[in-house]
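**Student:** Next up is a structure, given as C-alpha coordinates.
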Amino acid sequence: MSSHHICNDLLVQIFEKLPPKSIIRFRSLSKYWHSRLATPEFIRNHRLQSPQKVLIRHTRHYEFKDIYTLHSGDRLPLFPGPGYVGIPGVELPPSHSLFRSSIVGSCNGILCVLDCNNISLWNLSIRRRLIVPNNQSSPLLAVGLGFDPITDDYKVVTVSYGNKYNLDENSTFIYSLKQECWRAIPSPSTRFYNVKSKGKACFFNGVLHWVVEGYITAETTTENWTLFILTFDLSSHVFGHILLPGSWRIRQLTTINGCLAVVSYKRIYGDSWIWVMKEYGKFESWCVVYGPPVTRGVFDHPMDVFQPIANGDTLAYYYKGGSEVYNFETGLLTEIARFPPCCSTFEMDAYVESLELIDKEHAAACGETVNHETNRLYKRTHLYSRYL
(Lines give C-alpha, C1' and ligand atoms only; values in the text may rest on other atoms or scores of the structure.)
Protein backbone atom coordinates (compact mmCIF):
# COMPACT_ATOMS: atom_id res chain seq x y z
CA MET A 1 0.00 0.00 0.00
CA SER A 2 1.40 3.40 -0.97
CA SER A 3 2.12 6.15 1.52
CA HIS A 4 -0.51 8.24 -0.26
CA HIS A 5 -3.27 5.76 0.65
CA ILE A 6 -1.98 5.45 4.21
CA CYS A 7 -2.09 9.21 4.58
CA ASN A 8 -5.66 9.34 3.25
CA ASP A 9 -6.78 6.55 5.58
CA LEU A 10 -5.33 8.40 8.56
CA LEU A 11 -7.11 11.56 7.49
CA VAL A 12 -10.38 9.63 7.23
CA GLN A 13 -9.97 8.46 10.83
CA ILE A 14 -9.47 12.08 11.87
CA PHE A 15 -12.45 13.27 9.83
CA GLU A 16 -14.68 10.63 11.44
CA LYS A 17 -14.29 12.45 14.76
CA LEU A 18 -15.17 15.91 13.43
CA PRO A 19 -18.63 17.55 13.58
CA PRO A 20 -20.77 17.48 10.41
CA LYS A 21 -20.23 21.20 9.81
CA SER A 22 -16.48 20.60 9.42
CA ILE A 23 -17.00 17.57 7.18
CA ILE A 24 -19.05 19.67 4.77
CA ARG A 25 -16.20 22.18 4.49
CA PHE A 26 -13.58 19.48 3.89
CA ARG A 27 -15.65 17.94 1.09
CA SER A 28 -14.74 20.99 -1.00
CA LEU A 29 -11.01 20.14 -0.90
CA SER A 30 -11.15 17.95 -4.00
CA LYS A 31 -13.33 15.58 -6.00
CA TYR A 32 -11.76 12.68 -4.13
CA TRP A 33 -12.73 14.00 -0.69
CA HIS A 34 -16.12 15.14 -1.93
CA SER A 35 -16.85 11.52 -2.81
CA ARG A 36 -14.95 9.77 0.01
CA LEU A 37 -16.65 11.76 2.79
CA ALA A 38 -20.11 10.80 1.51
CA THR A 39 -19.66 7.03 1.23
CA PRO A 40 -22.03 4.84 3.28
CA GLU A 41 -19.06 3.44 5.22
CA PHE A 42 -17.80 6.89 6.24
CA ILE A 43 -21.31 8.10 7.12
CA ARG A 44 -21.84 5.04 9.34
CA ASN A 45 -18.45 5.25 11.08
CA HIS A 46 -18.85 8.98 11.64
CA ARG A 47 -22.28 8.49 13.23
CA LEU A 48 -21.03 5.74 15.55
CA GLN A 49 -18.39 8.10 16.95
CA SER A 50 -20.70 11.09 17.27
CA PRO A 51 -21.58 11.92 20.91
CA GLN A 52 -25.23 12.05 21.88
CA LYS A 53 -26.61 15.55 22.38
CA VAL A 54 -29.79 17.25 23.49
CA LEU A 55 -32.10 18.74 20.87
CA ILE A 56 -34.35 21.57 22.03
CA ARG A 57 -37.26 22.64 19.87
CA HIS A 58 -38.45 26.20 20.45
CA THR A 59 -41.76 27.69 19.40
CA ARG A 60 -41.54 31.08 17.74
CA HIS A 61 -44.46 33.28 18.71
CA TYR A 62 -46.73 34.92 16.11
CA GLU A 63 -45.69 32.49 13.35
CA PHE A 64 -45.80 28.74 12.72
CA LYS A 65 -42.01 28.52 12.88
CA ASP A 66 -39.77 26.33 14.99
CA ILE A 67 -36.17 26.92 16.01
CA TYR A 68 -33.86 24.08 17.02
CA THR A 69 -30.72 24.21 19.14
CA LEU A 70 -28.20 21.47 19.98
CA HIS A 71 -26.44 21.11 23.32
CA SER A 72 -24.06 18.76 25.09
CA GLY A 73 -25.81 16.66 27.71
CA ASP A 74 -23.83 18.28 30.52
CA ARG A 75 -24.18 21.84 29.21
CA LEU A 76 -27.87 22.64 28.97
CA PRO A 77 -28.83 26.34 28.59
CA LEU A 78 -29.89 26.83 32.20
CA PHE A 79 -31.34 29.99 33.72
CA PRO A 80 -29.67 31.96 35.19
CA GLY A 81 -26.56 31.48 33.10
CA PRO A 82 -25.07 32.23 29.69
CA GLY A 83 -28.06 30.59 28.00
CA TYR A 84 -27.60 30.49 24.23
CA VAL A 85 -24.51 32.67 23.89
CA GLY A 86 -22.45 31.16 21.08
CA ILE A 87 -25.20 28.65 20.25
CA PRO A 88 -27.03 29.53 17.02
CA GLY A 89 -30.46 28.14 16.29
CA VAL A 90 -31.62 26.45 13.10
CA GLU A 91 -35.04 27.44 11.80
CA LEU A 92 -37.27 24.94 10.03
CA PRO A 93 -39.27 26.67 7.26
CA PRO A 94 -42.84 27.51 8.30
CA SER A 95 -45.73 25.19 7.75
CA HIS A 96 -48.03 25.87 4.82
CA SER A 97 -51.06 24.64 6.75
CA LEU A 98 -53.03 26.13 9.64
CA PHE A 99 -51.35 23.70 12.01
CA ARG A 100 -47.81 23.51 13.28
CA SER A 101 -45.67 20.73 11.86
CA SER A 102 -44.80 17.92 14.25
CA ILE A 103 -41.84 15.59 14.73
CA VAL A 104 -43.29 12.07 14.60
CA GLY A 105 -40.04 10.13 14.56
CA SER A 106 -36.26 10.33 14.83
CA CYS A 107 -33.49 7.96 13.81
CA ASN A 108 -29.72 8.47 13.51
CA GLY A 109 -29.96 12.24 13.21
CA ILE A 110 -32.90 12.23 10.78
CA LEU A 111 -36.12 13.85 11.95
CA CYS A 112 -39.41 12.70 10.42
CA VAL A 113 -41.56 15.82 10.03
CA LEU A 114 -45.31 15.57 9.47
CA ASP A 115 -47.04 18.67 8.12
CA CYS A 116 -50.73 18.15 7.31
CA ASN A 117 -49.99 14.64 5.93
CA ASN A 118 -46.93 15.89 4.05
CA ILE A 119 -43.88 13.92 5.18
CA SER A 120 -40.28 15.06 4.99
CA LEU A 121 -36.98 13.79 6.37
CA TRP A 122 -34.76 16.52 7.79
CA ASN A 123 -31.18 16.35 9.05
CA LEU A 124 -30.59 19.62 10.85
CA SER A 125 -26.90 18.73 11.41
CA ILE A 126 -26.19 19.25 7.71
CA ARG A 127 -29.41 21.20 7.00
CA ARG A 128 -30.71 18.96 4.28
CA ARG A 129 -34.30 17.88 3.79
CA LEU A 130 -35.83 15.25 1.57
CA ILE A 131 -39.52 15.56 0.68
CA VAL A 132 -41.21 12.17 0.70
CA PRO A 133 -43.82 11.80 -2.09
CA ASN A 134 -47.35 11.91 -0.73
CA ASN A 135 -49.22 8.61 -1.00
CA GLN A 136 -51.99 8.75 1.63
CA SER A 137 -55.02 11.04 1.49
CA SER A 138 -56.44 10.01 4.87
CA PRO A 139 -56.32 12.78 7.50
CA LEU A 140 -55.66 10.16 10.19
CA LEU A 141 -52.23 8.59 9.94
CA ALA A 142 -49.82 6.74 12.18
CA VAL A 143 -46.35 7.60 10.85
CA GLY A 144 -42.97 6.22 11.86
CA LEU A 145 -39.32 6.32 10.77
CA GLY A 146 -36.71 3.66 11.44
CA PHE A 147 -33.65 1.86 10.11
CA ASP A 148 -33.61 -1.68 8.75
CA PRO A 149 -30.14 -3.17 9.42
CA ILE A 150 -30.85 -6.16 7.16
CA THR A 151 -31.25 -4.06 4.02
CA ASP A 152 -29.21 -1.09 5.33
CA ASP A 153 -32.15 1.17 4.54
CA TYR A 154 -34.23 3.85 6.22
CA LYS A 155 -37.96 3.27 6.00
CA VAL A 156 -41.06 5.39 6.60
CA VAL A 157 -44.29 3.61 7.51
CA THR A 158 -47.80 5.08 7.28
CA VAL A 159 -50.96 3.41 8.58
CA SER A 160 -54.30 5.10 7.97
CA TYR A 161 -57.15 4.57 10.42
CA GLY A 162 -60.74 5.64 11.03
CA ASN A 163 -62.43 7.23 14.03
CA LYS A 164 -64.16 5.58 16.96
CA TYR A 165 -67.50 5.37 15.16
CA ASN A 166 -66.17 4.46 11.74
CA LEU A 167 -63.40 1.87 11.92
CA ASP A 168 -62.39 1.93 8.29
CA GLU A 169 -60.08 -0.72 6.97
CA ASN A 170 -56.47 0.25 7.52
CA SER A 171 -54.23 0.91 4.56
CA THR A 172 -50.50 0.56 5.14
CA PHE A 173 -47.58 1.69 3.01
CA ILE A 174 -43.82 1.60 3.48
CA TYR A 175 -41.33 3.97 1.87
CA SER A 176 -37.76 2.90 1.14
CA LEU A 177 -35.21 5.71 1.20
CA LYS A 178 -32.76 3.56 -0.75
CA GLN A 179 -35.27 2.76 -3.51
CA GLU A 180 -37.12 6.09 -3.19
CA CYS A 181 -40.56 4.56 -3.62
CA TRP A 182 -43.67 3.45 -1.71
CA ARG A 183 -45.28 0.03 -1.72
CA ALA A 184 -48.38 -1.36 -0.06
CA ILE A 185 -48.02 -4.00 2.65
CA PRO A 186 -50.56 -5.97 4.75
CA SER A 187 -52.21 -3.87 7.46
CA PRO A 188 -52.36 -4.79 11.15
CA SER A 189 -55.14 -7.16 12.19
CA THR A 190 -55.77 -5.09 15.32
CA ARG A 191 -58.22 -2.22 14.82
CA PHE A 192 -57.39 1.18 16.27
CA TYR A 193 -58.74 4.71 15.93
CA ASN A 194 -56.39 7.01 17.80
CA VAL A 195 -52.62 7.42 18.19
CA LYS A 196 -51.51 8.68 21.60
CA SER A 197 -48.15 10.01 22.84
CA LYS A 198 -48.50 13.08 20.62
CA GLY A 199 -48.57 10.87 17.52
CA LYS A 200 -44.93 9.91 17.89
CA ALA A 201 -43.48 6.54 16.98
CA CYS A 202 -40.71 5.14 19.17
CA PHE A 203 -38.05 3.25 17.20
CA PHE A 204 -36.37 0.60 19.34
CA ASN A 205 -34.65 -2.72 18.58
CA GLY A 206 -35.48 -2.47 14.88
CA VAL A 207 -39.19 -2.08 15.66
CA LEU A 208 -41.55 0.90 15.48
CA HIS A 209 -43.91 1.39 18.44
CA TRP A 210 -47.08 3.50 18.71
CA VAL A 211 -49.45 3.85 21.67
CA VAL A 212 -52.96 3.50 20.24
CA GLU A 213 -56.58 3.19 21.32
CA GLY A 214 -58.48 0.30 19.83
CA TYR A 215 -59.33 -3.37 19.94
CA ILE A 216 -56.88 -6.24 20.08
CA THR A 217 -59.63 -8.79 19.39
CA ALA A 218 -61.91 -8.94 16.36
CA GLU A 219 -64.93 -7.84 18.42
CA THR A 220 -65.09 -4.05 18.55
CA THR A 221 -67.18 -3.77 21.70
CA THR A 222 -66.77 -1.44 24.66
CA GLU A 223 -65.59 -4.32 26.81
CA ASN A 224 -62.74 -5.05 24.40
CA TRP A 225 -61.53 -1.46 24.12
CA THR A 226 -58.04 -0.86 25.46
CA LEU A 227 -54.83 1.10 25.14
CA PHE A 228 -51.96 -0.93 23.73
CA ILE A 229 -48.67 -0.58 21.88
CA LEU A 230 -48.86 -1.32 18.16
CA THR A 231 -45.54 -2.66 16.84
CA PHE A 232 -44.06 -3.01 13.37
CA ASP A 233 -40.84 -4.89 12.58
CA LEU A 234 -38.97 -3.02 9.84
CA SER A 235 -37.16 -6.14 8.63
CA SER A 236 -39.99 -8.70 8.56
CA HIS A 237 -42.78 -6.14 7.90
CA VAL A 238 -44.93 -7.84 10.52
CA PHE A 239 -47.29 -6.02 12.90
CA GLY A 240 -47.79 -7.03 16.51
CA HIS A 241 -48.85 -5.57 19.83
CA ILE A 242 -47.64 -5.17 23.41
CA LEU A 243 -49.97 -4.80 26.37
CA LEU A 244 -49.50 -1.76 28.60
CA PRO A 245 -49.05 -2.04 32.38
CA GLY A 246 -52.31 -0.23 33.21
CA SER A 247 -55.31 1.38 31.54
CA TRP A 248 -54.18 4.89 32.47
CA ARG A 249 -53.54 7.89 30.31
CA ILE A 250 -50.28 7.57 28.43
CA ARG A 251 -48.25 10.72 28.02
CA GLN A 252 -45.15 9.40 26.30
CA LEU A 253 -43.50 6.29 24.84
CA THR A 254 -39.69 6.30 24.95
CA THR A 255 -36.64 4.30 26.02
CA ILE A 256 -34.72 4.40 29.32
CA ASN A 257 -31.52 2.47 29.98
CA GLY A 258 -32.01 0.36 26.88
CA CYS A 259 -35.58 -0.60 27.78
CA LEU A 260 -38.97 0.37 26.38
CA ALA A 261 -40.62 2.88 28.74
CA VAL A 262 -43.92 4.75 29.12
CA VAL A 263 -44.91 7.81 31.13
CA SER A 264 -48.46 7.50 32.45
CA TYR A 265 -50.72 9.37 34.82
CA LYS A 266 -54.21 9.12 36.26
CA ARG A 267 -56.49 12.12 36.63
CA ILE A 268 -53.87 14.61 37.69
CA TYR A 269 -50.37 15.09 36.33
CA GLY A 270 -48.86 15.10 39.83
CA ASP A 271 -49.55 11.37 40.12
CA SER A 272 -47.27 10.24 37.31
CA TRP A 273 -45.60 6.88 36.81
CA ILE A 274 -42.61 5.96 34.69
CA TRP A 275 -42.67 2.29 33.70
CA VAL A 276 -39.97 0.27 31.95
CA MET A 277 -40.23 -3.15 30.33
CA LYS A 278 -37.19 -5.00 31.70
CA GLU A 279 -37.56 -7.89 29.24
CA TYR A 280 -38.79 -6.79 25.85
CA GLY A 281 -42.14 -8.30 24.87
CA LYS A 282 -42.89 -9.77 28.32
CA PHE A 283 -45.88 -8.10 29.98
CA GLU A 284 -44.92 -9.33 33.45
CA SER A 285 -41.59 -7.46 33.22
CA TRP A 286 -43.24 -4.00 33.36
CA CYS A 287 -42.12 -2.25 36.55
CA VAL A 288 -42.27 1.26 37.99
CA VAL A 289 -38.92 3.04 38.18
CA TYR A 290 -40.29 6.43 39.26
CA GLY A 291 -43.67 7.40 40.68
CA PRO A 292 -45.36 9.10 43.64
CA PRO A 293 -44.13 10.44 45.97
CA VAL A 294 -41.17 11.39 43.72
CA THR A 295 -43.35 12.87 40.98
CA ARG A 296 -45.99 14.28 43.33
CA GLY A 297 -45.25 17.86 44.28
CA VAL A 298 -42.66 18.24 41.52
CA PHE A 299 -44.83 17.81 38.43
CA ASP A 300 -48.22 19.49 38.36
CA HIS A 301 -48.02 19.86 34.57
CA PRO A 302 -47.59 17.29 31.74
CA MET A 303 -44.04 15.94 31.73
CA ASP A 304 -41.83 14.08 29.28
CA VAL A 305 -38.63 12.17 30.02
CA PHE A 306 -35.41 11.52 28.12
CA GLN A 307 -31.77 10.55 28.65
CA PRO A 308 -29.23 13.07 27.30
CA ILE A 309 -26.53 10.38 27.55
CA ALA A 310 -27.23 6.69 26.93
CA ASN A 311 -27.64 4.91 30.29
CA GLY A 312 -27.01 8.23 32.04
CA ASP A 313 -29.22 10.33 34.27
CA THR A 314 -32.94 10.37 33.46
CA LEU A 315 -34.35 13.87 33.02
CA ALA A 316 -37.95 15.05 32.96
CA TYR A 317 -39.06 18.37 31.51
CA TYR A 318 -42.32 20.26 31.48
CA TYR A 319 -43.64 23.72 30.64
CA LYS A 320 -45.03 25.95 33.37
CA GLY A 321 -44.72 29.53 32.19
CA GLY A 322 -41.12 28.49 31.53
CA SER A 323 -39.46 25.16 30.92
CA GLU A 324 -38.12 23.26 33.91
CA VAL A 325 -35.94 20.15 33.99
CA TYR A 326 -35.84 17.64 36.84
CA ASN A 327 -33.01 15.15 37.37
CA PHE A 328 -34.38 11.97 38.96
CA GLU A 329 -30.93 10.84 40.11
CA THR A 330 -29.86 14.08 41.82
CA GLY A 331 -33.29 15.50 42.66
CA LEU A 332 -32.21 18.84 41.14
CA LEU A 333 -34.87 21.05 39.53
CA THR A 334 -33.57 23.71 37.11
CA GLU A 335 -35.05 26.11 34.58
CA ILE A 336 -34.17 26.16 30.88
CA ALA A 337 -33.52 29.62 29.45
CA ARG A 338 -35.72 30.85 26.64
CA PHE A 339 -34.19 31.32 23.21
CA PRO A 340 -34.37 35.13 23.22
CA PRO A 341 -36.47 37.00 22.88
CA CYS A 342 -39.68 35.62 21.38
CA CYS A 343 -39.50 31.86 21.83
CA SER A 344 -40.62 29.44 24.48
CA THR A 345 -39.20 25.94 24.90
CA PHE A 346 -41.49 23.42 23.34
CA GLU A 347 -39.78 20.03 23.29
CA MET A 348 -36.53 18.29 24.29
CA ASP A 349 -35.03 14.97 23.21
CA ALA A 350 -31.77 13.09 22.73
CA TYR A 351 -30.16 13.56 19.31
CA VAL A 352 -27.08 12.32 17.45
CA GLU A 353 -25.46 14.51 14.80
CA SER A 354 -24.87 12.62 11.57
CA LEU A 355 -24.24 12.95 7.84
CA GLU A 356 -27.32 10.97 6.80
CA LEU A 357 -28.98 12.34 3.60
CA ILE A 358 -25.73 14.00 2.46
CA ASP A 359 -25.48 11.44 -0.36
CA LYS A 360 -29.10 11.84 -1.52
CA GLU A 361 -29.46 13.75 -4.79
CA HIS A 362 -33.05 14.78 -4.09
CA ALA A 363 -32.26 16.18 -0.64
CA ALA A 364 -32.23 19.99 -0.72
CA ALA A 365 -30.70 22.58 1.58
CA CYS A 366 -33.10 23.47 4.37
CA GLY A 367 -32.62 25.45 7.57
CA GLU A 368 -31.58 29.02 8.29
CA THR A 369 -29.31 30.17 11.09
CA VAL A 370 -31.02 32.25 13.77
CA ASN A 371 -28.86 34.11 16.29
CA HIS A 372 -29.69 36.62 18.98
CA GLU A 373 -29.28 39.63 16.70
CA THR A 374 -31.57 38.40 13.92
CA ASN A 375 -34.11 37.28 16.51
CA ARG A 376 -34.22 40.78 18.04
CA LEU A 377 -34.54 42.30 14.59
CA TYR A 378 -37.46 39.98 13.85
CA LYS A 379 -39.28 41.08 16.98
CA ARG A 380 -38.86 44.81 16.28
CA THR A 381 -39.99 44.40 12.68
CA HIS A 382 -43.00 42.32 13.67
CA LEU A 383 -44.19 44.68 16.39
CA TYR A 384 -43.80 47.65 14.06
CA SER A 385 -45.77 45.97 11.26
CA ARG A 386 -48.72 45.43 13.60
CA TYR A 387 -49.35 49.16 13.71
CA LEU A 388 -49.04 49.92 9.98
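The values are calculated or read from the model by the stated rules, or taken from the named source; none is laboratory data. Note that the structure is a prediction, hence the values are computed from the model and not measured. Every residue, glycine as well, gets a Cβ built from its backbone with ideal geometry; the counts of neighbours run over all protein chains shown.
**Student:** Does residue 345 satisfy the criteria of being within 24 Å of residue 67 (Cβ to Cβ), among the hydroxyl-bearing types (Ser, Thr, Tyr), buried (at least 21 other Cβ atoms within 10 Å of the Cβ) and modelled with pLDDT under 85? Full working, then the answer.
**Tutor:** Working: within 24 Å of residue 67 (Cβ to Cβ): yes; among the hydroxyl-bearing types (Ser, Thr, Tyr): yes; buried (at least 21 other Cβ atoms within 10 Å of the Cβ): yes; modelled with pLDDT under 85: yes.
Here the answer is yes, as residue 345 does meet what is asked.
**Student:** Select from the range 227-273 the residues that are of a type in the set (Ser, Thr, Tyr), out of contact with any Cys (no Cβ under 9 Å at 6 or more places or on another chain) and either modelled with pLDDT of 90 or more or not in a loop (DSSP other than H, G, I, E, B) (or both) and list them in ascending order.
**Tutor:** 231, 235, 236, 264, 265, 272
**Student:** Just checking, does the range 157-175 include any residue being touching a Gly at 6+ places or on another chain (Cβ under 7 Å) and buried (at least 19 other Cβ atoms within 10 Å of the Cβ)?
**Tutor:** Looking through the range 157-175, at least one residue is touching a Gly at 6+ places or on another chain (Cβ under 7 Å) and buried (at least 19 other Cβ atoms within 10 Å of the Cβ).
**Student:** Follow-up question, since we're still on this one. Return the only residue of 210, 286 being in contact with a Pro (Cβ under 7 Å, 6 or more places away or on another chain), at pLDDT 85 or above and crowded, with 17+ Cβ neighbours inside 10 Å.
**Tutor:** Going through 210, 286 in turn, just one is in contact with a Pro (Cβ under 7 Å, 6 or more places away or on another chain), at pLDDT 85 or above and crowded, with 17+ Cβ neighbours inside 10 Å: 286.
**Student:** Looking at 118, 108, 45, which is the one that is over 20 Å from residue 148 (Cα atoms), surrounded by 15 or more Cβ atoms within 10 Å (Cβ to Cβ) and of a type in the set (S, T, N, Q)? Working first, answer last.
**Tutor:** Values: 108 fails: over 20 Å from residue 148 (Cα atoms); 45 fails: over 20 Å from residue 148 (Cα atoms).
Going through 118, 108, 45 in turn, just one is over 20 Å from residue 148 (Cα atoms), surrounded by 15 or more Cβ atoms within 10 Å (Cβ to Cβ) and of a type in the set (S, T, N, Q): 118.
Table: residues versus (1) in the same structural domain as residue 263 (by TED's automatic domain parsing); (2) of a type outside the set (Ser, Thr, Tyr); (3) more than 17 Å from residue 210 (Cβ to Cβ); (4) at pLDDT below 85.
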site	(1), (2), (3), (4)
121	yes, yes, yes, no
128	yes, yes, yes, no
131	yes, yes, yes, no
159	yes, yes, no, no
165	yes, no, yes, yes
170	yes, yes, no, yes
189	yes, no, no, no
198	yes, yes, no, yes
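**Student:** Also, I was wondering about something else. Which condition number in (1) more than 30 Å from residue 43 (Cα to Cα); (2) in a strand (DSSP E or B) is the one that residue 189 fails?
**Tutor:** Failed condition: (2).
**Student:** Got a sec? Which helices (runs of 4 or more DSSP H) wholly within the range 1-103 have at least 2 residues that are at pLDDT 85 or above and touching a strand residue (DSSP E or B) at 6+ places or on another chain (Cβ under 8 Å)?
**Tutor:** Values: elements: 3-15, 20-26, 31-36, 40-48.
No helices (runs of 4 or more DSSP H) qualify here.
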